[in-house]
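Nothing in this text is a laboratory measurement; each read-out follows from the coordinates by a stated rule. Everything numeric in this text was worked out from a predicted model, so none of it was measured. Positions of Cβ are backbone-derived with ideal geometry, glycine not excepted, and every protein chain shown enters the neighbour counts.
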Amino acid sequence: MDQSSSGPSRLSSTPQSHHAGEGSLSSTDKGKRKADGQPRPKNLQACDRCRTKKTKSENAEEDRLRLERSVSEFDHGGPSIIPRARSVLGLTPLRTTSSRREGPTAISYILHSTPTLPISYLTEYDEHNNLTMIMSPPESGNGYMQVTTQNQNPPSADPPSHVIEALNSPSWTEVVNRLVETFLVNVSPFIPIVTRGDMPEITQTLCHVMAAVAAARLNCPKEIFDCLNYIVTQEMYEQDTLSEPNKQNVQTLLVACLVDELALQNGSATPESVSRARLSAAIRLAQDLSMDQADGDEHEAEAGSRIWRCAVILDQWSAAKTGARPILPYTSLPTNVTLTPPSEKVAFFDHLFSLTLILSRVLAKVYGPNGINKIRSTELQDIRVKLLQWKEELPSSLNFKGSWSNLPSGILHLLHTTATFLLYRPFMRWSFICPPHIDLSLDIPVWLDLNPSTRQALEWAANQDELADLLLFGPYALGLMSLVQYHLYARRREWDGIVILGKFRETTIRWIEGWGEGRMPLQTSQLQVVSLLHACAQKAAKEGLSSYDLTSSRRGLNPTPGVLNRLPETTVHGVTFLRDPTHPKGGVLVATQKAASEIKDLPPDTVIIGGPPRVEPNIVLDSMTNITEPPEGTTSSASAANGNTTYGALGGTAVGFENITNPVNPQGEGRISMSSPDWEAIVSSLNYSLDGTQHGFNDN
């Protein structure tokens, strides 16, 4: 019969031709195809008669069974290649590592752009935390820190035995209820994602995630936290919490972002990536529900506005901690917030939110993708004014009163000091070179406020073990406070800095031991920065030790795009702070001639520039009253080139100062002669003992 015919004529063919799966192979290999030298059965389908009658073809079924068999033989007999069809079942090997970036406000980045930290300690810190400094483009000074994380094994299909045991325990419900109550009493007042008024409509998953946050406290056994962490992860996955827009899902995701360890999962994603995905989903769902608009029913609008503010707070402070760009751009946020009448219940939250709005401007204007390249000086000054006003407008109940202040006032003080540090940090002009159009500087008045504020924050935290239970962004902020105190010693040799570092280091050790081994690995890693800084302080005075990796960049990592790190010979030991208790500002800065070439951009009256003069060897300055500089970057000016008449009289050379007063012998004995050929060596090695008396000229 004509095989080219179609329709009913085909139905009259012999049974052997009824089925596509039978018959001999043609010369074009219709029955089999070649793939990498291995035979692969062709796609099977029922014959026309069976499809027309909608019945099951027995021969097609036999062909299907033959294909099961052939795949099995292919797997066991052929090369060890996983068939493509099986890859979609999750049998493809997982990546062994994952990586993410940390930007200019992250602790890791700030440490690497701090010149006075010994490179050997930073190298050890990097290896322990899997950090790699990347400059892009090379030698530009701009870049990021790459964090590599070892992936964990995929989870088992069955829950761990301790989870099953906990769920079967008759006391499990009571444990969860107590932890939820702990959350409402100790966490909600500070960040009211869920309040007691929300409880009638709480879901089981939200209940469990609240309990999990409370279980992260020092006095809760690790096993309970592990159980709740596992349960929350499973329930969020099964309930599709990241996708369905309802208020409870938004709350669940936000509460899960309060403790970093709740993002620890088996799989390929890093905890920070998991947490950021949850926060991003929460913000998107909240926008879908118009929580950012405060529309609709008054009660629902109030609850939505409260939850939305919590999302903004978590977004901006998380961005600061990781150095990532905030999910919500600062332009989408209000410029000001209307503060409600003073009330113990809402005052803290209102002021925390208003401080967060100022932080959002700092992150956008100072640490955005373009750094400070496109910012006007007036914008920075406006942020500075807002930070000062925010502090002045605090109600008396939230005013920080020192080491024994209450928890709300202490937290606000800690975070306000953090925001202030982040604003001024790139403008420490001793360490960094700023564009000429920027006049913001970490000057003496700022330093005299920032330094004691950071010390008081650490002293307060040492008395607040409860702070370890309310994690939020505490470890990050405390790390920055510790860095300022390290700087106090590394730059000015003031022992107050290293003493408070040692004291607070004992506090962090107590917290870590209280959590128990392996319980809070992410928080522990952040707090270990304090121990790193304390160890670095032991070698901070040694000449030649710095954080500069000269193979990557001669100037080191920039604090933000648009600001350059100074050369190591300037920032590390080219400028020396000479302590003098009789001086109005505690001492003076003296720079070598070599360093002077780097620091001529500093404002007037910052440092004394030493070195033998070219002419008029008897010219000296009669007074040092207006020449000094304290801290890092203080804004006073290095070179007498900026309007100093004596500098001009000497033909543009650096000026030497003969009458440096010996604090022990004010009459002038022991003065340093400007004509000394060893001036630079003397200045580099000059030091004072702890009691403020002259220690002599020692090689450190």
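Shape verdict for region 97-150, please, from the Cα gyration tensor: rounded (a/c under 1.5), prolate (a/b greater than b/c) or oblate. Mind dumping the intermediate values first?
Working: a/c = 1.74, a/b = 1.09, b/c = 1.59.
Here region 97-150 falls in the oblate category.
Count charges around Ser243 for me, please; just the other residues with Cβ under 13 Å from its Cβ, Lys/Arg as +1, Asp/Glu as -1. Let's see the in-between values first.
On the way: positive: Arg278, Arg284; negative: Glu238, Asp240, Glu244, Asp288.
Residues near Ser243 contribute -2 overall.
In 5 Å bins starting at zero, report the fraction of Cα pairs in region 445-541 per bin as a rounded %.
It works out to 3, 14, 27, 24, 17, 10, 5, 1, 0, in whole percents.
Amide H neighbours of Ile608 under 5 Å, counting only residues 5+ apart in sequence or on other chains, H built in-plane at 1.01 Å?
Leu589, Val590, Ala591
Place a +1 charge on the Cβ of each Lys and Arg in region 236-333 and a -1 charge on the Cβ of each Asp and Glu, then give the dipole magnitude about the Cα centre in debye, rounded to the nearest 20. Write down the numbers at each step before the final one.
Numbers: 8 positive and 14 negative charges, 97 e Å.
The dipole of region 236-333 has a size of about 460 debye.
Rounded, prolate or oblate: which fits region 185-242, taking a ≥ b ≥ c as square roots of the Cα gyration tensor eigenvalues, rounded meaning a/c under 1.5, else prolate when a/b beats b/c? Each step should come with its number before you reach the end.
Details: a/c = 2.29, a/b = 1.03, b/c = 2.23.
Oblate shape, in that a/c is at least 1.5 and b/c is the bigger or equal ratio.
Each label point is 7 Å from the Cα along the Cα-to-Cβ direction; what then is the distance between the points at Arg196 and Ala535, in nm?
4.7 nm
What list do you get for Ser99, Ser275, Ser243, Ser531 if you sort them by fewest beta carbons within 10 Å?
On the way: Ser99 13, Ser275 25, Ser243 10, Ser531 17.
The order, fewest Cβ neighbours first, is Ser243, Ser99, Ser531, Ser275.
Using label points projected 7 Å from each Cα along Cα→Cβ, tell me how many nm separate Thr96 and Asp158, to one decimal.
3.0 nm
Contour minus end-to-end for Asn130 and Gln234, with contour as 0.36 nm per residue of separation and end-to-end as the Cα-Cα distance?
On the way: separation 104, 0.36 × 104 = 37.44 nm, distance 2.87 nm.
So the extension gain works out to 34.6 nm.
Checking the table Lys247/Lys321; Lys222/Lys321; Lys503/Lys539 against a 20 Å threshold on Cα-Cα, which pairs fail? Could you put the intermediate results ahead of the total?
Working: Lys247/Lys321 27 Å; Lys222/Lys321 25 Å; Lys503/Lys539 18 Å.
Exceeds cut-off: Lys247/Lys321; Lys222/Lys321.
Using modelled amide H (1.01 Å from N, peptide plane; none on Pro or chain starts), what sits under 5 Å from the amide H of Ile438, excluding residues fewer than 5 places away?
none
Can you check what the net charge comes to around Pro271, using other residues whose Cβ is under 12 Å from the Cβ of Pro271 (Lys, Arg +1; Asp, Glu -1)?
On the way: positive: Arg100, Arg276, Arg278; negative: Asp260, Glu261, Glu272.
Its environment carries a net charge of 0.
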